[in-house]
Amino acid sequence: SKMYEFIGKNFKYPASCKAANIQGKVYVVFVVNKKGKVEDVKVTQSVHPDLDAEVIRVVKKFPKWKPGKQDGKKVKVRYTLPIKCSLN
């Protein structure tokens, strides 16, 4: 829930999408590396290029995560995250 709170505080709805009433769910995939930093951010399901760009911008701003562990060692973890973009 803290992650979605962070997104809500940092997401700025693109003016072009507001004007055209463009809404939808953007799916973004990213990797949390061994140091907990977010990298390799990509949109896998697009709604509009401007919304996609804003989602990528916000995800790249995520604070550090706790790195994943496997057999006691830190490992990279890939996440897929749906982000609902709505004007309501």
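For the range 27-88, a Kirkwood hydrodynamic radius built from all Cα pairs, placed in the Stokes-Einstein relation at 10 °C and 1.306 mPa s, yields a translational diffusion coefficient of 128 µm²/s. Tilt of helix 49-60 relative to the longest C-alpha principal axis of the chain, in degrees (0 to 90, nearest 10)? The two axes meet at around 30 degrees. Simple point charges give the picture: +1 on the Cβ of Lys and Arg, -1 on the Cβ of Asp and Glu, and for the chain a dipole about the Cα centre of about 580 debye.
The range 1-40 and the range 65-86 have Cα centres lying 15 Å from one another. Using a simple spin-label model with pseudo-atoms 7 Å out from Cα toward Cβ, residue 15 and residue 61 lie 1.8 nm apart.
Just the protein heavy atoms count here, and of the accessible area of the chain at 1.4 Å, carbon and sulfur take up 50 percent.
Accessible area per residue for the range 33-88, computed on protein heavy atoms with a 1.4 Å probe, is 72 Å².
The values are calculated or read from the model by the stated rules, or taken from the named source; none is laboratory data. This one's a predicted model, so the numbers in the text were calculated from it and none came from an experiment. With ideal geometry, Cβ positions are generated from the backbone for all residues, glycine too; neighbour counts draw on all protein chains shown. Calculation scope for accessible area: heavy atoms of the full protein, side chains included, ligands and nucleic acids excluded. Shrake-Rupley method; radii C 1.70, N 1.55, O 1.52, S 1.80 Å.
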